[in-house]
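The values are calculated or read from the model by the stated rules, or taken from the named source; none is laboratory data. The shown structure was predicted, so the numbers you read here are calculated from the model rather than taken from an experiment. Reconstructed Cβ throughout: ideal geometry from the backbone, glycine too, with neighbour counts over all protein chains shown.
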Amino acid sequence: MSEEIEFIDRHYSEFEKLLTEFVETRSVSNEDDDMTNCINFLKRIFERLLDAQVSVIETAGLPSLVAQIKGTTDRTVLLYGHYDTMPGGDRSLWDTDPFKLILKDGRYFGRGVGDNKGQLMAQILGIYTYKQLHGELPFNITFLVEGEEERGSVNLGSTVAKLRDSLLKQVELAVVVDGSINQDGEHVVRLGNRGLFGFELTAHTGQNDNHSGNAGNIMTSAAIKLIEVLRRLYDFDTKKVLIPNFYQGVPIKNEIKLDLLDKLPYDKK
């Protein structure tokens with residue numbers, strides 16, 4: 001057994017208590033929870049466990065947090081995560097309290113434990129374990145933790161732009177810690193993220209309700225109007241988006257290094 005695993009085993013109950021407190025500190029961005037307690041919890045953990053320099057960044061919405069951990073070189077890696085969670089939903093559909101950490105059948109349950117409080121705490125405790133066993137880090141680590149991921153990261157872009165020439169100036173590589181494991185229980189390393197593009201269409205065919213047996217049966221169908229618009233946006237035969245410049249900057253197949261994918265330790269059976 002490696003010294004890292006032995007260290008984790010000895011401190012497992014302490015680590016579990018930290019995750020419990022994190023999960024039980026409500027931070028539902030879609031319900032406008034007061035994030036003060038959650039931000040203070042994270043700030044305290046970063047400072048106490050990792051001796052980090054922590055800055056709370058106010059935004060037009062919910063605050064973000066930047067924690068800087070000094071290493072032995074000037075190279076800086078950024079770890080991105082978020083502390084907000086989705087609402088608990090219909091309480092009757094839960095077997096346990098969604099805002100309590102529960103261990104059941106070898107798995108933890110509780111809001112945020114799988115997105116993103118569990119992963120974020122795993123990074124913090126992993127770095128803590130390394131520092132306890134090996135001393136200083138071989139490079140600097142900067143955490144950027146936001147509080148609005150579950151509502152679309154509406155202020156993340158402006159926050160990064162604001163910090164680009166100050167707290168984030170030395171960042172060379174960004175790693176998203178909002179990851180997962182596959183169905184076989186193996187860890188997943190994602191090589192990139194898709195962008196998101198959304199829109200809402202509304203079709204108007206009348207100013208008021210019309211009876212289907214009178215004017216309604218000769219009016220243009222709103223559903224057909226929507227289908228007509230969708231066919232102008234998307235070719236259902238070629239499965240291609242028709243919006244001008246939609247694929248601008250997207251690599252074509254021969255530009256993607258597929259040989260790197262073949263080298264991943266993946267069981268294709």
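Of the residues making up region 178-193, those that are loosely packed, with under 10 Cβ neighbours inside 10 Å and out of contact with any Ser or Thr (no Cβ under 6 Å at 6 or more places or on another chain) are GLN183, ASP184, GLY185, HIS187, VAL189, LEU191, GLY192, ASN193. Annotation for region 192-202: at least one member residue is part of a loop (DSSP other than H, G, I, E, B) and basic (Lys, Arg).
Among the residues making up region 5-36, those that are of a type outside the set (Gly, Ala, Ser) and more than 21 Å from ILE102 (Cα to Cα) are ILE5, GLU6, PHE7, ASN30, GLU31, ASP32, ASP33, ASP34, MET35, THR36.
Counting just the residues of region 231-241 that are surrounded by fewer than 12 Cβ atoms within 10 Å (Cβ to Cβ) and not β-branched (Val, Ile, Thr), which one comes out farthest from GLU200 (Cα to Cα)? Per the criteria, the residue is ASP237. Only one entry of VAL160, VAL229 meets the criterion of being of a type in the set (A, V, I, L, M, F, W, C), in the same structural domain as MET121 (by TED's automatic domain parsing) and assigned to a helix (DSSP H, G or I), and that entry is VAL160.
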